[in-house]
Amino acid sequence: MKSTRKKKMNKSIVSICRASDYTSENIKNAVSECLQALGGIEKFVSPGQKVLLKPNLLGTFAPERAVTTNPEVVKAVAQIVIAAGAKCFIGDSPGMGSFKSVCQITGMTEAAEASGAELRELDKPGEFIQIDNKVGRKLPLSSFLKEIDLIITLPKLKTHGQMGFTGALKNQYGLLPGSLKAEYHYRMKTREWFAEFVVDINRAAPMKLAIMDAVIGMEGKGPSGGEPRKIGCIMASSDLTALDAIACRMVGIVPETNPILSAAAKRGYGLIDPKKIKTVGVDPAELAISDFKTIKETIGILRLLPLPGPAIEWLRQHWKALPEIDPEKCIKCMNCRNGCPIKPPAIDPDKGWQVDKTSCIKCYCCHEFCPAKAIKLDPTWFERHVNLDAFAVFVGRMISIPSWFRRKKGFDKRL
């Protein structure tokens, strides 16, 4: 006789604890509670291991800007890791500024000194081979990863001008040393391919755990030009994709529409289905923000248009905003020029205030690296005048056309 008992489904666990501010006691308690709900730090870290803490250190931004992971979060995790008997490193490869200056301004120097962790710049590339990766089978990640046992990633919850959202998964893009980040922005020209590349990096790196700084996040034109927004919690999970999915839902982003989360889920790297994710601690619904300012993700829709490739590419180029320099805000630090992956750079304040629209690939590295918020990304004519809701209805109708008719008209080949 066959058993009618349903097989238990394994769920990913996301732990959420309130943290009203960045006082040391509040953060230490919140991080400790989150970890206890996951089985304690000893479930992830063993005595004698070398552990890398990977915060988001985009550049020389003070903690109150909410661009980088708050130093109190990094300090608390470092103290817990060291108390577990491990050797702890705090490392990243910033997109702008020297590692020393970034650590000083973001508060990482003080966090390292207070916790006993060691700062380590991830500046030298090494070869990491992952044959079953989709895009990056040979990845030039920081060679320091070969010296450690595991990574605990410490992302900041933020919007992102190119990818819509940046959290636990996207944070590992910083494992690419220095100028390689700009190079791969250029090579992975579409959001979809870039998303696959980010998943490849996560699969190749020794990831174990993510602890997200969602006390004060960033809304609007992130990852550096947006505005701080209080969310009020610390989040943690060993499933980085599930953590990002819950964080997205809390701020009104549908995970299935985010290219990185969608790519990760399709490839079996974590879960985004809420039925397969168990949250413990605070109910994420209690922290949900209905008016959180998100990035309008318009580019992904273009792939569904029943148009030839060249026409889609034309729309892609004219739909996305072209960066503009605001001369009144520009301080001529040249971060935009130095961070541009195009050679010669498509943006150069010394040569005028206009971006070269013929060579700009709209990767928005310039917007990301600008400390003065002098790079504008104003909506294009299409964004201002095309009703995206009506457009989505149109696309839905095209998809619902009988398959025999789509094949006859050649629509399937164009999608």
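The values are calculated or read from the model by the stated rules, or taken from the named source; none is laboratory data. Keep in mind the model is a prediction, meaning the values are calculated, not measured. Neighbour counts run over all protein chains shown; Cβ positions are idealised from the backbone, glycine included. For accessibility, only protein heavy atoms count, side chains too; no ligands or nucleic acids. Shrake-Rupley method; radii C 1.70, N 1.55, O 1.52, S 1.80 Å.
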message: Anything in region 145-197 that is touching a Gly at 6+ places or on another chain (Cβ under 8 Å), in a strand (DSSP E or B) and either of a type outside the set (K, R) or open to solvent by 20 Å² or more (accessible area, probe 1.4 Å) (or both)? List them, or say none.
response: L157, T159, H160, T166
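For K278, state whether it is at pLDDT 95 or above, touching an Asp or Glu at 6+ places or on another chain (Cβ under 7 Å) and either under 18 Å from T190 (Cα atoms) or open to solvent by 60 Å² or more (accessible area, probe 1.4 Å) (or both).
no
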task: Report whether or not I399 is among the aliphatic types (A, V, I, L, M) and either at pLDDT 60 or above or under 30 Å from T60 (Cα atoms) (or both).
output: no
message: Given (1) modelled with pLDDT of 95 or more; (2) over 16 Å from K156 (Cβ atoms); (3) open to solvent by 10 Å² or more (accessible area, probe 1.4 Å); (4) touching a strand residue (DSSP E or B) at 6+ places or on another chain (Cβ under 9 Å), identify the lone condition not met by L35.
response: (3)
task: Please determine, by comparing only the residues of region 84-98 that are over 20 Å from the mean Cα position of the chain (by Cα) and modelled with pLDDT of 95 or more, which one is farthest from L154 (Cα to Cα).
output: G85
query: Hey, does region 77-96 have a residue that's surrounded by fewer than 21 Cβ atoms within 10 Å (Cβ to Cβ), within 23 Å of L176 (Cβ to Cβ) and charged (D, E, K, R)?
result: no
field: Single unsatisfied condition, R249 versus (1) surrounded by 20 or more Cβ atoms within 10 Å (Cβ to Cβ); (2) in a helix (DSSP H, G or I)
entry: (1)
- request: Would you point out which residue out of P177, P125, P94 is in contact with a Ser or Thr (Cβ under 7 Å, 6 or more places away or on another chain) and touching a residue at least 60 places away in the same chain (Cβ under 8 Å)?
  value: P177
query: So, in region 222-246, of the ones that are closer than 30 Å to K43 by Cβ, of a type in the set (S, T, N, Q) and not in a helix (DSSP H, G or I), which residue ends up least open to solvent (accessible area, probe 1.4 Å)?
result: S237
- request: Spot the failing condition for V215; the list is (1) more than 16 Å from A264 (Cα to Cα); (2) in a helix (DSSP H, G or I); (3) of a type in the set (A, V, I, L, M, F, W, C), and only one is missed.
  value: (2)
